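To start, the structure under review is shown below, and the notes come after it.
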Amino acid sequence: MTETKARSGSGRADKAAGGNPVSRFFGAIGLFVRQILDELRKVVRPTGPELMRYTTVVIVFVLVIMGIVSALDFGWSKLVSWAFVGG
C-alpha cells in the first residue's frame, strides 16, 4: 500500500493564516466594517407617519406600565403598613 499526503489547497489560506499579525488584525477590522455597512444598507427606515405612530405606541405603553407598577407599589405599601403598623 502506498500513502499519499493530503494537499492543502491553493495556498492562499496558508498565507492568510500565517501572515503578518498586524495586517490580519487590520484586515479583520476592515471586513467587520464592510459587513456592518452591508447590513445597514438592508435597513428599511420608517416613514414620518410610521415613526410618529411607533413613538406614540411606545409612550402610551410605557405610561400604562408605569401606572400599573405605581398602583401595585401603592397597594403593597398600604398592605405592609396595615400589617406591621396597624393602620
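The numbers here are math on the coordinates, done by the rules we state, and not lab data. Note that the structure is a prediction, hence the values are computed from the model and not measured. Cβ coordinates were reconstructed from backbone atoms using ideal geometry, including for glycine residues, and neighbour counts include every protein chain displayed.
Numbers for the structure displayed
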quantity: Single residue of segment 40-87 satisfying the filter (assigned to a helix (DSSP H, G or I) and of a type in the set (D, E, K, R)) that is surrounded by the most Cβ atoms within 10 Å (Cβ to Cβ); calculated: Arg53
quantity: Matching residues in segment 22-39 - criterion: being among the β-branched types (Val, Ile, Thr) and under 21 Å from the mean Cα position of the chain (by Cα); calculated: Ile29, Val33, Ile36
